[in-house]
Each structure stands twice: as C-alpha cells, then as structure tokens.
1. Which of the residues that make up the range 20-36 are part of a loop (DSSP other than H, G, I, E, B) and crowded, with 24+ Cβ neighbours inside 10 Å?
2. Taking residue 17, is it surrounded by 17 or more Cβ atoms within 10 Å (Cβ to Cβ) and part of a helix (DSSP H, G or I)?
3. Taking the stated definitions as given, is residue 152 within 17 Å of residue 113 (Cβ to Cβ), at pLDDT 80 or above, touching a helix residue (DSSP H, G or I) at 6+ places or on another chain (Cβ under 9 Å) and surrounded by fewer than 22 Cβ atoms within 10 Å (Cβ to Cβ)?
4. Every residue in the range 125-140 that is loosely packed, with under 12 Cβ neighbours inside 10 Å and at pLDDT 70 or above, please.
5. Condition first: touching a helix residue (DSSP H, G or I) at 6+ places or on another chain (Cβ under 7 Å), assigned to a helix (DSSP H, G or I) and at pLDDT 75 or above. Can you find one or more residues in the range 93-108 that meet it?
6. Among the listed residues 173, 147, identify the single one that is buried (at least 18 other Cβ atoms within 10 Å of the Cβ), modelled with pLDDT under 90 and in contact with a helix residue (DSSP H, G or I) (Cβ under 6 Å, 6 or more places away or on another chain).
7. Determine which member of the set 75, 50, 59 is in a helix (DSSP H, G or I), at pLDDT below 80 and more than 30 Å from residue 102 (Cα to Cα).
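The values are calculated or read from the model by the stated rules, or taken from the named source; none is laboratory data. Not measured: the values here are computed from a predicted model. Cβ sites come from the backbone with ideal geometry, for glycine too, and all protein chains shown count toward neighbours.
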C-alpha cells in the first residue's frame, strides 16, 4: 500500500477520534486530559488494525455485523453521562478540567471512547493484510495521525467552549449522541 493511501486511510479513521475529541473538548480540558485522550486514541487506532489483522477473516466478519451497535452504545453512554453532568453542576462551574469526577479522559469512559473511535480500524487491519505491504509502519502512521487529530479536536472544542460559556459540556454530549446515531447509518 503506498504511503499516500495509508495517509488517507489514517485521516479517514481519525475523523471519528477528531469528532469525539471535539465534543469532549467542549467541557474544557487540562494539559493532562489533552495528553491522555490523544495518547489513548492514537494507541487504540494503532493497535486495532494489528488486532484485526491477527484475528483473521472469520472473527472480523462476525464483529463487522455488530460493530456499529457497539460504537453507538459506547458513544451514547458517554454522551448521556456528559449531558447529565452538564445539568447537575451549578451554571458557574467550569467543568471537566477541575477533577476526576465525570472526566471522560479517565477510567472506563476513556476505554469506551477509545474503543468506540477505533472499532472501524479493526476491519481496516484485515483489509490491509489482504492488500499486502508493511503493516507495522502503516499502523504507526494511523496511530500518530489519530493522536494529532484528537489533540486538534480537543483544542478546537476548548476554544469554542471558551467563547460559548459554561454549558458547552452539554453541547459535547449532544455531539457524541449525534455521532452515535450516525454510527447506526453506517
């Protein structure tokens, strides 16, 4: 697979990570949160194609029938949690950057978001195995691009949040719900 094809694939796979990061970034993010989400999204995007390649055609074919439901459920769950927390806080609270409570860049929320944004990379790994080429460099490129797109998404979300006010976490929850619904149409 030529470099430019792998790069375009990486951008395509990174779009989910960018969109979710934009939604999470609406709640505001510290430097640690930026690093955690970017690192984990990039790491999952890097390893899921390797896993897809290793699992083989039969298991991936089974997972492909349900991957959109898994992604929908994970994104809807995190989006609902963000919406709930946005309306439970006093209007003057900044939000996510102040502590671990409700932080989508920690714990199971981080794992669920990382999985939801990288499930499609599992199938891409199988396809890459059939196309030939060097799998490891392609996976590394996919991971780096996803990590950078996540960082960009969170930064943009934080910038918009600073302009729109303290309830932007609710906007982030709505964005995650819209992405979840989009997963059902794929």
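1. Pass one, the range 20-36, residues part of a loop (DSSP other than H, G, I, E, B): 26-30.
Passing the criteria: 26, 27, 29.
2. Numbers: surrounded by 17 or more Cβ atoms within 10 Å (Cβ to Cβ): yes; part of a helix (DSSP H, G or I): yes.
When the stated conditions are applied, residue 17 passes them.
3. Numbers: within 17 Å of residue 113 (Cβ to Cβ): yes; at pLDDT 80 or above: yes; touching a helix residue (DSSP H, G or I) at 6+ places or on another chain (Cβ under 9 Å): yes; surrounded by fewer than 22 Cβ atoms within 10 Å (Cβ to Cβ): yes.
It is true that residue 152 is within 17 Å of residue 113 (Cβ to Cβ), at pLDDT 80 or above, touching a helix residue (DSSP H, G or I) at 6+ places or on another chain (Cβ under 9 Å) and surrounded by fewer than 22 Cβ atoms within 10 Å (Cβ to Cβ).
4. Hits for the range 125-140 are 134, 136.
5. no
6. Numbers: 147 fails: modelled with pLDDT under 90.
One residue alone meets the criteria, 173.
7. Values: 75 fails: more than 30 Å from residue 102 (Cα to Cα); 50 fails: at pLDDT below 80.
Result: 59 is the single residue among 75, 50, 59 that is in a helix (DSSP H, G or I), at pLDDT below 80 and more than 30 Å from residue 102 (Cα to Cα).
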